[in-house]
Structures are given as C-alpha cells and as structure tokens.
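Reviewing the structure listed below.
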Amino acid sequence: MGRSRDVVPRGALRALVLAILAEGDLHGYALARRLEERARGTLKIREGSLYPALHELELEGAVEATWTRAPDGRRRRVYSLTSAGKRTAKGARAEWLAIADLLQSLLGT
Amino acid sequence: MRDELERFVASLAIPEDRKAVVLAELGDHLACARETAAREGRDPDAAERDALGSLEALRRSLESVEPAFRVSRWHALGRGALAGVLVAVALDQGGALMRGALGAVFALAVVLLLAPPRVLELLRAELRASPVRGTLVSGSPIGPALVYAFTVMSTPFCVWIALIVVRAQSGVTAVDVPWSAFAVMMAVYAVLFVEGVRARLVPAR
C-alpha cells in the first residue's frame with residue numbers, strides 16, 4: 001500500500017460519509033476513524049474536509065445531528081441518516097461504484 | 001491547542017450560533033484524537049495537531065457552508081418579494097428615465113443590495129447538492145438562494161400583470177414594456193447557467 005492520501009474528492013467523501021452513517025449513528029471523530037480503518041491506512045480524513053461535508057449534508061437534509069455528552073461530559077454531536085439521506089446514500093454508492101468500474105476499465109488493472 | 005481553536009473559531013466569518021456548534025464539534029474532535037493517541041501510546045499533542053490539519057483550508061470550507069444555516073427559505077422569500085416589488089414600482093413609475101440602462105442598473109442594484117448574505121456561496125452549495133427525485137422530475141433541492149433567485153425574478157412580472165389588469169379595468173389597454181424590465185431575469189438566468197455549469201464541471205475541493 002502507498003502512503004495515506006489527505007485529499008478525497010468532495011463527492012467521494014460525501015458518498016463515504018453516507019455509507020458509514022448507513023451502518024449506524026456516529027460522531028465526527030468516530031466517523032473519521034471508521035473511514036480510516038476501512039481504508040487500512042491509505043486515507044487520512046481531516047476536519048477541514050469532514051465537518052464541512054457533514055454540515056452540507058445536514059443543510060441538504062440527508063443527515064441530522066443530535067447533541068449528546070462524551071463520557072467526560074463535553075458536548076458531542078452525533079450524526080444519523082434521515083430517510084432522504086438513506087436514499088441519497090444508495091444513489092451515491094451506485095454512482096461511485098459505476099465510476100470506479102469505468103475508471104478500472106479505462107485505466108486497466 | 002484549545003486556545004488556538006477558540007481564537008480560530010472566533011475569527012470565522014460565520015453566524016454566531018454556528019460558532020458555538022463548530023467550537024464544540026472541533027473541540028470534541030481534538031479531545032478524541034488526544035485520548036486515542038494516549039491510549040495507543042502516541043504523542044497526544046502531535047495527534048491533536050495532525051487531526052486539526054490546515055486551519056486555512058478549514059476556514060475556507062466552513063465559511064462557504066456555515067452562513068447557509070442563517071438564511072431560511074422564508075427569509076429569502078421575503079427579501080426576494082421586497083426587491084421584486086421595489087423594482088416593479090420603480091420601473092413602472094420611473095418614466096423614460098428607467099426605460100434603458102439606468103433602469104437595468106437600478107434593478108440589479110436593488111437585487112444585489114437585498115440579497116441574503118453570501119447568496120452566491122449558498123447558490124453554489126445548492127447547485128452542488130445531490131439531485132432530489134420528485135414524482136415527475138428530478139432537480140436540485142430548492143434552498144434559500146434559489147428561492148431568492150426565482151422570487152426576485154418573478155415578483156416584478158406579477159406586479160406588472162396586476163397593474164395591467166387594474167389599468168385595463170379603467171380603460172387603459174396600452175402596454176409598453178421597456179427592455180430594462182428583463183434585466184433582472186437575464187442576470188439571474190446568466191448566473192444560474194454559469195454556476196450550474198461550474199457546479200458540474202469544476203472539480204470539488
């Protein structure tokens with residue numbers, strides 16, 4: 001595996017976020033860690049891209065955030081998919097898998 | 001690090017209530033990074049710094065997204081209707097002065113002055129959003145920027161149609177349409193076209 005990538009195309013990050021949230025509700029840091037674990041060290045998710053993407057999805061009504069408390073009492077926002085978000089997640093997944101297939105066939109293996 | 005984060009969030013050009021949300025969220029993120037690093041035997045300070053990444057990149061992203069939380073569709077509708085009525089009345093009552101370029105400039109100035117804050121950034125975010133599948137057609141979700149665009153474009157024509165009907169009832173049937181009446185519509189469609197193309201062609205950051 002190569003070194004980790006800091007930059008994920010915005011559309012791809014949105015699709016990844018939606019896919020992870022489709023598995024369960026998470027706060028931002030846990031979501032980033034889940035993505036990085038899934039990528040086995042090839043991807044580095046930074047706040048600079050994660051939270052704006054989450055907030056955009058919130059504005060679009062694809063995710064909703066609820067306040068909870070961390071074990072030490074600090075405030076924490078937990079994100080979950082809305083029903084519209086579940087549909088968006090399915091569409092985004094299909095779209096990016098199709099793009100991946102296309103690139104694979106164009107660029108070779 | 002917490003002080004640096006607080007100074008950074010305070011300096012953001014975003015609504016005050018969103019600053020509290022961003023600060024709590026980023027603070028939680030850094031605390032989590034620190035706790036995880038300590039648990040895994042890594043340097044907590046380095047982990048915190050690494051999690052924060054580039055503050056300038058974060059600033060650009062947040063300042064393009066957060067203002068949209070302040071502007072509701074109703075807020076945009078009200079501003080659009082007010083701008084539209086002002087344009088309609090000024091062009092109707094302005095006489096020869098408002099028929100040409102001056103009328104067009106005046107109309108565009110009113111539309112710009114009454115536009116919701118950061119309307120262009122809002123519009124870009126709305127045009128980048130995933131299409132919504134309706135029963136008949138699919139399209140962009142209608143957010144505050146699109147509400148403002150369509151309201152400000154259609155309100156003057158609604159007012160003028162009402163004036164034509166009222167005047168026709170009192171016997172005035174001549175209708176004179178100056179080209180400045182179309183300035184706002186042409187400008188709005190031009191912006192929608194350019195930004196719509198950009199939203200599809202320009203790679204996302």
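Please treat every number below as a calculation from the coordinates, not as lab data. Only a predicted model underlies this, so the values are computations on that prediction, with no experimental measurement involved. Please note: Cβ atoms are built from the backbone with ideal geometry, for glycine as well, and neighbour counts cover all protein chains shown.
Which of B:Gly100, B:Gly41, B:Gly80 moves most in a GNM of chain B, Cα contacts under 10 Å?
Comparing B:Gly100, B:Gly41, B:Gly80 in a Gaussian network model of chain B, the most mobile one is B:Gly41.
With label points built 7 Å along Cα→Cβ from the Cα atoms of A:Ile99 and A:Glu23, find their separation and express it in nm.
Taking the two extended label points, one gets 2.1 nm.
Calculate the tail of P(r) for the protein assembly as shown: the fraction of all Cα-Cα distances greater than 28 Å, expressed in %. Working shown, then result.
Working: 24736 of 49141 pairs.
Pairs farther apart than 28 Å: 50 percent.
Who wins for biggest fluctuation among B:Ser54, B:Ser180, B:Ser170 in a Gaussian network model of chain B, springs between alpha carbons below 10 Å?
Judging by the Gaussian network model, the answer is B:Ser170.
Across the range B:105-118, in residue order, what do the Karplus-derived ³J(HN,Hα) couplings come to in whole Hz, using 6.51 cos²θ - 1.76 cosθ + 1.60 with θ = phi - 60° and x for Gly and Pro?
Values, residue by residue: 5, 4, 4, 5, 5, 4, 4, 5, 5, 8, 5, x, x, 6 Hz.
Within 10 Å of each Cβ of B:53-62, how many other protein chain Cβ atoms are there on average?
On the way: counts 8, 5, 2, 1, 7, 7, 1, 2, 10, 5.
If you average over the peptide's residues, the count of other-chain Cβ atoms is 5.
List the trypsin sites (Lys or Arg not before Pro) within the range B:7-61 that fall in a DSSP loop (any state other than H, G, I, E or B) and whose Cβ has at most 14 other Cβ atoms within 10 Å. Before the final figure, lay out the partial values.
Values: sites: B:Arg7, B:Arg18, B:Lys19, B:Arg34, B:Arg39, B:Arg42, B:Arg49, B:Arg59, B:Arg60; in loops: B:Arg42.
Here the trypsin sites (Lys or Arg not before Pro) that fit, given the DSSP loop and packing criteria, are B:Arg42.
Can you pull the mean other chain C-beta count within 10 Å for peptide A:83-93?
On the way: counts 0, 4, 1, 0, 3, 5, 1, 0, 3, 1, 0.
Other-chain Cβ atoms within 10 Å of each residue's Cβ, averaged: 2.
Which peptide among B:186-192, A:60-66 comes first, and what is the full order, when sorted by highest mean count of other Cβ atoms within 10 Å?
Peptide ranking by packing, descending: A:60-66, B:186-192.
Kindly provide the helix-only [θ] at 222 nm of chain B, computed as the sum of -39,500 (n - 2.57) over DSSP H runs of four or more divided by all residues, to the nearest 500 deg cm²/dmol? Walk me through the intermediate numbers first.
Values: 9 runs with 142 residues, N = 205.
Dividing the helical sum by the residues of chain B leaves -23000 deg cm²/dmol.
Taking chain A as a Gaussian network, where each spring joins two C-alpha atoms under 10 Å apart, which residue of A:Ala98, A:Ala22, A:Ala53 fluctuates the most?
Maximum among the listed residues: A:Ala98.
Counting partner chain Cβ atoms within 10 Å of every residue's Cβ in A:50-63, what's the average? Each step should come with its number before you reach the end.
Values: counts 6, 10, 12, 3, 2, 11, 8, 2, 3, 11, 10, 4, 3, 0.
Per residue, the number of nearby Cβ atoms from other chains is 6 on average.
Can you pull the percent of Cα pairs in chain A with separation above 21 Å? Walk me through the numbers before you get to the answer.
On the way: 2291 of 5886 pairs.
When all Cα pairs of chain A are counted, 39 percent exceed 21 Å.
Identify all aspartates and glutamates with a Cα-Cα distance to B:Lys19 below 13 Å; exclude those on the same chain that are fewer than 8 residues away in sequence.
Output for B:Lys19: B:Glu6, B:Glu63, B:Glu66.
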